[in-house]
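One structure is given below, encoded as structure tokens.
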RNA sequence: GCAAGGGUAGCGAAGUGGUCAAACGCGCGGGACUCAAGAUCCCGUCUCUCAGUGAGUUCACAGGUUCGAAUCCUGUCCCUUGCACCA
């Protein structure tokens, strides 16, 4: 028997990849005639180990979408770039004794090659690399704009310090409180002057804007809301030694229940509160806390509440009661003023603290099942022990008490946020240099715009602390103001700075004069579909919203949000069930799979397993299913001749076009593929189909399997690129549910025939050789010509008769049993 | 602890009030082809019944709403992820 011709996929792939590149098929420009559509995947950090199937999945998801939109006559911007600055590159470079620059550039080259081999339809003319001074120049430019406006500033802050490395570490480098290089070394917290970006200025807009992000997964939106953490409450002024201190509470209704105050142990002005005779006590407590802060994070979490009396008293503004002020380890220093009013009866934390130090517990709200002896009651109820507010409902009392305080100018309604300012200082080499100069006379000044970029010096020593501090001649500079001797800032920026605006640079990647052309950004932005992992929910996905808003306020953008549509793709797991990663050793390389099955098979398989937002598992067996399908399609088109489609087929294909279009648009690729496979099953069974219908099938398949579809497109005589063809439009008039129903009746008949064959074999122990089907005269047309299919699918010769056919062969008079939609069957 | 998302046939995965014993793929069983294997094609794959159109028990568990529930409600258990003393 003739073996089907083995297909050389790699020849086909190379051929079309070359064609696409040569003819610049995926390059785009601003166009007035076409509507734009911006598809973007989060750009990768170009790791030296290259791409594996997990990456391939991510990019394939976006590529399918971009191809789909492109074929739907949209002007699709689909770019790719590399997040090439950052700690991993620096460390990998040190490890391999290479300079981060050459290490990174090699990695990028490799990435690009691999991505091209995946058949991704990027506009390669727009590639950006963040380590390119022409890129990070604009990081610095933005920084200076923020600096001018007070949004970039210096502040003392606690940072992670490894005593063995003798350097500051990024948060990512701290694992369970230990240095990642020295697993036995605890990271210390050091207070250092650091650069911050004042993202908190945008906290409210970032929070409220979440409601407008209709195309974002709820999960991400909730995470951001929790992270930004907006609370509505009341700011109350408590007097201490004639000075008024604001404290924040969401429960002013419990104000009469305040029995003590607690100030954070990290409060910068803590010592103001500590009286002479308590100094020793507090000092002892602080010392204890300090050693604790060096314990692993887990231990800290398990710690109970501790504190010490400061010796000071505050005046409760509602009843002038004198209440003691304690210092405590459980109060967050930079939230709500760093001091809390403690209501042990109605707050569990205060309750525990009060129990431990035997402080009074005063009940002021009577709910349904208070049991103040055991735990705090945080619910609603009616006020008691609260003067003129007694018997008022607690919800009402929130307003009433706030109003009362407002009258006395001792309180006001306010909101608080959990979001903290963004610490961007990194004592590392491979990042964007902060464009700041220190002069002993003039202080801190920003580098002049015309002097940007401040380029990274290439000659530095790696291995000990911040390499930039070893670039003596680089550090030495002239003061921007007075021209006198000055020194450069040696901190670099967090790599997330680079990714906070890269999507804008794609709009105008080569611009040397400005960060991007406003008109171009106006045309392309916002991103119509952003695709990336959920792990960035509270980092990149907040930062890029912040930058967008800042650049808008600079007058560079008209939009408020970078994107209203975000898709979180799932992760690929290896065959061992764990997330695919090099360190785990379970990676599958696209090159290898490509060789064996062709990359289109891999692309198809990756998105056919499950909805792309779900985690999936690679399986060598599973890919066979996709491989079979691809081969069938190739073989079909290699020998197909076209004619006229049957009515039934026209119905089928138009229904498929309709469904597949909406499935792909909704990222339900897995369902789209099933429908394409079913359609192809029918195509194979049809005697002939119209060329136009065959084209439609290929076009739909092309978004998943672009290489072989280009090949087949040309095989059937086309000269254009299928990648640029128009997506088929369903002709709804041709969809005929009746024909579909008739198809089901035939299916049922086949099922029945097979069932009887099985029964005869089992019960009567004899083989069936042929069969006869008896149908009602008015249904004859449904079964016309079906004898072949039924024969094929039951493996016996089938003849179909009308019940009223006088010449029919019917020894057991089965035709008597016939009902509408249920033909009679006789087998022998 | 709080929040979000889940638990569907051997496995993966669709389905979110009737057309559901539940698409599709993998696996498995049978058959055709072949000297044979592979590939390919066809059939089957909850249980029972049977020369067919039938019955029964299912969609984590327990209740409930409904003429009708995998799908809605309540409670419980389990999983995954995120946040974690934010007053």
Checklist entry - Can you find even one residue in region A:530-546 that is more than 16 Å from RNA strand B (Cβ to nearest atom), under 30 Å from residue A:32 (Cα atoms), part of a loop (DSSP other than H, G, I, E, B) and under 22 Å from the mean Cα position of the chain (by Cα)? => result no
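Yes/no matrix, rows are residues, columns are (1) more than 20 Å from the chain's Cα centre (by Cα); (2) on the phi < 0 side of the Ramachandran plot; (3) crowded, with 21+ Cβ neighbours inside 10 Å:
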| residue | (1), (2), (3) |
| --- | --- |
| A:59 | no, yes, yes |
| A:64 | no, yes, yes |
| A:74 | yes, yes, no |
| A:90 | yes, yes, yes |
| A:97 | yes, no, no |
| A:110 | yes, yes, no |
| A:120 | no, yes, yes |
| A:123 | yes, yes, no |
Checklist entry - Can you name the residue in region A:63-82 that is in contact with a strand residue (DSSP E or B) (Cβ under 6 Å, 6 or more places away or on another chain) and not in a helix (DSSP H, G or I) and, of all such residues, is farthest from residue A:565 (Cα to Cα)? => result A:82
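Quick test for you: out of A:362, A:418, A:412, pick the one residue that is part of a loop (DSSP other than H, G, I, E, B), away from RNA strand B (no atom under 13 Å from the Cβ) and in contact with a helix residue (DSSP H, G or I) (Cβ under 7 Å, 6 or more places away or on another chain).
Checking each option against the conditions leaves just A:362.
Under the condition of being closer than 19 Å to residue A:639 by Cβ and touching a helix residue (DSSP H, G or I) at 6+ places or on another chain (Cβ under 7 Å), which residue from region A:711-750 is surrounded by the most Cβ atoms within 10 Å (Cβ to Cβ)?
Step by step, filter region A:711-750, then rank; the result is A:712.
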Checklist outcome for this item: Exactly one of A:368, A:288 is under 30 Å from residue A:230 (Cβ atoms) and either modelled with pLDDT of 90 or more or surrounded by fewer than 16 Cβ atoms within 10 Å (Cβ to Cβ) (or both), and that residue is A:368
Next on the checklist: Quick check on this structure: which one of A:556, A:551 is out of contact with any strand residue (DSSP E or B) (no Cβ under 6 Å at 6 or more places or on another chain), in a loop (DSSP other than H, G, I, E, B) and either away from RNA strand B (no atom under 14 Å from the Cβ) or closer than 30 Å to residue A:675 by Cα (or both)?
Outcome noted: A:556
Item to check | In region A:618-647, the residues that are surrounded by fewer than 16 Cβ atoms within 10 Å (Cβ to Cβ) and not in a helix (DSSP H, G or I) | outcome: A:619, A:620, A:621, A:641, A:642, A:643, A:644
Next on the checklist: Regarding region A:763-773, can at least one residue be identified that is in a helix (DSSP H, G or I), more than 22 Å from residue A:820 (Cα to Cα) and more than 47 Å from the chain's Cα centre (by Cα)?
Outcome noted: yes
Next on the checklist: Six or more apart or on different chains, Cβ atoms under 7 Å: show the pairs whose first residue is in region A:700-724 and more than 16 Å from residue A:18 (Cα to Cα) and whose second is not in a helix (DSSP H, G or I).
Outcome noted: A:700/A:728
Item to check | Unique residue being touching a residue at least 12 places away in the same chain (Cβ under 8 Å), within 16 Å of RNA strand B (Cβ to nearest atom) and closer than 19 Å to residue A:667 by Cα when the list is A:74, A:57 | outcome: A:57
Checklist outcome for this item: Taking region A:335-359 and the residues there that are part of a loop (DSSP other than H, G, I, E, B) and crowded, with 23+ Cβ neighbours inside 10 Å, the one that is nearest to RNA strand B (Cβ to nearest atom) would be A:343
Checklist entry - Given the residues A:761, A:780, A:806, which is the only one that is away from RNA strand B (no atom under 11 Å from the Cβ) and out of contact with any strand residue (DSSP E or B) (no Cβ under 9 Å at 6 or more places or on another chain)? => result A:806
Checklist outcome for this item: Filter region A:317-334 for residues that are outside any strand (DSSP E or B) and out of contact with any helix residue (DSSP H, G or I) (no Cβ under 8 Å at 6 or more places or on another chain); the one that is farthest from RNA strand B (Cβ to nearest atom) is A:320
Next on the checklist: Given the criterion surrounded by fewer than 21 Cβ atoms within 10 Å (Cβ to Cβ) and within 23 Å of residue A:455 (Cα to Cα), identify the matching residue among A:387, A:443.
Outcome noted: A:443
Item to check | Single match in A:332, A:340 (criterion: touching a strand residue (DSSP E or B) at 6+ places or on another chain (Cβ under 6 Å) and in contact (Cβ under 8 Å) with a residue 12 or more places away in the chain) | outcome: A:340
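Do we find a residue being within 15 Å of RNA strand B (Cβ to nearest atom), under 22 Å from residue A:121 (Cα atoms) and touching a residue at least 60 places away in the same chain (Cβ under 8 Å) anywhere in region A:582-600?
yes
Take the conditions surrounded by 11 or more Cβ atoms within 10 Å (Cβ to Cβ), near RNA strand B (Cβ under 9 Å from one of its atoms) and within 26 Å of residue A:683 (Cβ to Cβ) and apply them to residue A:822. Does it pass?
In short, no.
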Checklist entry - Looking at region A:652-690, which of its residues are free of Cβ contacts under 8 Å to residues at least 40 places away in the same chain, closer than 20 Å to residue A:568 by Cα and surrounded by 18 or more Cβ atoms within 10 Å (Cβ to Cβ)? => result A:663, A:672
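In contact (Cβ under 8 Å) with a residue 24 or more places away in the chain, buried (at least 16 other Cβ atoms within 10 Å of the Cβ) and more than 12 Å from RNA strand B (Cβ to nearest atom): which single residue out of A:814, A:786 fits that description?
Working: A:814 fails: more than 12 Å from RNA strand B (Cβ to nearest atom).
Being in contact (Cβ under 8 Å) with a residue 24 or more places away in the chain, buried (at least 16 other Cβ atoms within 10 Å of the Cβ) and more than 12 Å from RNA strand B (Cβ to nearest atom) holds for just one of A:814, A:786, which is A:786.
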Next on the checklist: Among the residues of region A:758-778, are any under 24 Å from residue A:684 (Cβ atoms) and either modelled with pLDDT of 80 or more or surrounded by fewer than 18 Cβ atoms within 10 Å (Cβ to Cβ) (or both)?
Outcome noted: yes
Checklist entry - Scanning for something under 25 Å from residue A:201 (Cα atoms), surrounded by 22 or more Cβ atoms within 10 Å (Cβ to Cβ), touching a residue at least 40 places away in the same chain (Cβ under 8 Å) and in contact with a strand residue (DSSP E or B) (Cβ under 9 Å, 6 or more places away or on another chain), does region A:506-524 turn up at least one residue? => result no
Checklist entry - Does residue A:653 satisfy the condition of being at pLDDT 90 or above and more than 13 Å from RNA strand B (Cβ to nearest atom)? => result yes
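The values are calculated or read from the model by the stated rules, or taken from the named source; none is laboratory data. Since this is a predicted model, take the numbers as computed values, not measurements. Neighbour counts run over all protein chains shown; Cβ positions are idealised from the backbone, glycine included.
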